[in-house]
Amino acid sequence: MKKWTVKKIDNELNDSETISPVIAGLGSLAQNILAVRGVVGVDAAHDFFSADRLHDPFLMKDMSKAVEIIKEALSEGKKITVYGDYDCDGITATVMLYSYLSALGGEVEWYIPSRDEGYGLNVNAIEKIISEGTGLIITVDNGVTAFAEAQLIKEKGVSLIITDHHTVSDILPIADAIVNPKQKDCEYPFKDLAGCGVVLKLISALEGTSGLDVIEQYGDLAAIGTVADIVPIKDENRHIVSLGLQNIECSENLGLHCLMKTTGLYEKLSDTYGMDSSSIAFVLCPRINAAGRFSHPGKAVELFLCENHELAMTKAEELNLLNKRRCEEELVITGEIEAYLNNYPEALNERVLVLTGTNWHHGIIGIICSRMVSRFGKPCVIITTDGVTAKGSCRSVKGFSIHAALTYCGDLLVKYGGHIGAGGLTVEDKNISAFKEKLFLYAKETHDSMPPAEITADLSPDADEITIENIERLEALQPFGEESPVPVFYLPRCKIKYKRPLKEGKYISFTVDYNGCEIKVLDFGRCYADFWYKVGDTVDLMVNLNVNEYNDNKSINAKIIDMRLSEISITAQERFFSAKCIYEKFTRNEEIDEKLYPRIIPGDSEMKKVYDIIKASFCIDEVSQKSFTAGVNYCMLCVIIDVFKERGLVEFDPVTGYIKTIKTEGKKDLEKSSVLMRLRKGGEHGNVHD
């Protein structure tokens, strides 16, 4: 279960007499969402809605130097190499700058390392590039930490311009110009551009314009790279994505056109309000990234530079196939993870979930890591090893810093990097176990109770606010993305009126009554057979709201993010998380307050109650929610299930959550359960450790 929170509107903001007329005309839902996000006054509204507000590119440190060096190289006929990165941001940035410099008549090449070469500049690539006559190297989306490589380039007598957006240290590489808004003495007012955004500003500076005409030319690729890199969609990023989305549908980039065609995106757009950031994030970006994950990122660059329609279609279809291969590989790795967790379910009770495999594809373990966090609600580290050296990806929940954890374990790692929410590492195979133990120690020292994964709603709207007009006006808040997410609504005490299967039972649709407002709800996260809620149940929902149009008729749809029985209210949920923490401590043999033992040692009545609930249920989600409403806390429930498993009364799959009773002959003596005996001993004599 995830922790639910609902934002509160600041009364000062809500009652402001300086509310923008633009906001006032948006309807109550959009107004209140902007209010909880701090957008109310005239200035704030202008910043949010004005897509033509772009900063002067020459405010960025070293921009004038970079422009002068590039123009000089072009005039002297120097060969220029654009050196990019293998992710979506780096690929789009490479295509943008290469295309622009080529259009100016420059002798330009591009280079992107494979994932096997590693991130950023590397010695072998530099030697090759320089041996082929390059006189100027321009990095995009990398370079700000390439100290040794930058020194080598200088020693070779070649010019170097670094354009990057990653965090910089106090010491910078030796370069002729470093263009990065995150430099401490950089006066550029917006620090959160993606790599392609920095390139967009460089092109604007070379053109001597503010950037609107440059966005018209390159905004399609810049929007894709910006969304892909999960930078905050605010200030200039909002403007870049907003204008870029308009350009994508009518893009002159043949490769992008073909990619959209092969994915069926054009057909989808005809049924919706048009291109949005979700289409970029979930349709285009995975295919662009698949090139670097399962082949070479250059395949994506070649697609976007292709000028032959037949060849572009072939290249687009190849990216589609690579993405399909990525999906298949994910299924294989996920299957191995599930098998491991079934054999070692205790791993799920650690503060951090650490999973290790042999020869898992290191290009996709980050994706799987994110899914494990979403699935199990705790930080996750996935490590793949070849028997000598291992690489890992880390993802977290709010409140647990990956960067701090890796720094704590730094003496055991070959290298590491990242930020609060995500990171990567390289570790010698022989040190994996020691790293794991030290990571667990850090988590224990800093978090007695690991913060649960959260879902935050913007609003809990009144029923009369849920109108087609109000929901349609939410489109004015587009584009959505990091720090400006799709609005989430909390709908408490909804009564299920009826339910039906969708797509032959693959998904489910059900209708609820929300204080007199009838809403159709779609759940794409589970099949009809797994939907255990019954008609007549009262449930609380976390949803996105949208308007569906079919045969010229409009209706309101809600897409499920999460749901639970209404008895587990937002105020009551803390009891659940406290009990979960106690159970996990018990499984880890950690100290438990002896006063708590009476509340976690089950009696006959609690065990009978839970047995009856399991007998009438099929999944742990149903059992845990019904047990909670029946007065059995989560820790006691887990203890009872452990007792039942030990005595052969139930089967429980901790990965899928499926649970069922087992027919047995004769009565089982539950008092012989080692789990119960250990608990009772702890209750009598304080904490008992194995």
### Message
Please state the shape class of segment 49-89: rounded when a/c is under 1.5, otherwise prolate if a/b exceeds b/c and oblate if not, all from the C-alpha gyration tensor.
### Response
oblate
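Between residue 463 and residue 513, what is 0.36 nm times their sequence separation minus the Cα-Cα distance? Round to one decimal in nm. Provide the component values of the computation, followed by the final result.
Working: separation 50, 0.36 × 50 = 18.00 nm, distance 0.96 nm.
Answer, rounded to one decimal: 17.0 nm.
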### Helix-only [θ]222 nm of the chain, DSSP H runs n ≥ 4, -39500 (n - 2.57) each, per residue, nearest 500
-13000 deg cm²/dmol
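Using 0.36 nm per residue of separation minus the Cα-Cα distance, give me the extension gain between residue 587 and residue 672 in nm, one decimal. Intermediate values should be presented prior to the final figure.
On the way: separation 85, 0.36 × 85 = 30.60 nm, distance 1.84 nm.
Once the chain is fully extended between residue 587 and residue 672, it gains 28.8 nm.
Cα gyration tensor of segment 509-585, axes a ≥ b ≥ c as square roots of the eigenvalues: rounded (a/c below 1.5), prolate (a/b > b/c) or oblate?
Values: a/c = 2.52, a/b = 2.20, b/c = 1.15.
In terms of gyration-tensor shape, prolate.
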### Task
If a/c stays under 1.5 just call it rounded; otherwise compare a/b with b/c (prolate if a/b is bigger, oblate if not). Do that for segment 333-383, with a ≥ b ≥ c from the square roots of the Cα gyration tensor eigenvalues.
oblate
### Message
If the only charges are +1 at each Lys and Arg Cβ and -1 at each Asp and Glu Cβ, what is the size of the charge dipole of the chain around the Cα centre, to the nearest 20 debye?
### Response
2740 debye
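I'd like the carbon and sulfur percentage of the solvent accessible area for the chain, probe radius 1.4 Å, heavy atoms only, ligands and nucleic acids excluded. Walk me through the numbers on the way to the answer.
Numbers: 15030 of 30940 Å².
On the chain, the fraction of accessible area on carbon and sulfur atoms equals 49 percent.
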### Query
If we count every other residue with Cβ under 10 angstrom of residue 161's Cβ, Lys/Arg +1 and Asp/Glu -1, where does the sum land?
-1
### Listed candidates (i) 2, 8, 11, 14, 17, 17, 14, 8, 4, 2, 1, 0, 0; (ii) 3, 13, 21, 21, 17, 12, 8, 4, 1, 0, 0; (iii) 3, 13, 21, 24, 20, 12, 5, 2, 0, 0 - label of the one calculated as P(r) over Cα pairs in 10 Å bins from 0, in percent
(iii)
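Tell me the per residue accessible area of the chain using a 1.4 Å probe; a whole number in Å² is fine.
Heavy-atom SASA per residue in the chain reads 45 Å².
The values are calculated or read from the model by the stated rules, or taken from the named source; none is laboratory data. Bear in mind that the values here come from a model prediction, so they are computed numbers and not experimental data. Neighbour counts run over all protein chains shown; Cβ positions are idealised from the backbone, glycine included. Accessible surface is based on the protein model in full, side chains and every heavy atom, while ligands, DNA and RNA are left aside. Shrake-Rupley method; radii C 1.70, N 1.55, O 1.52, S 1.80 Å.
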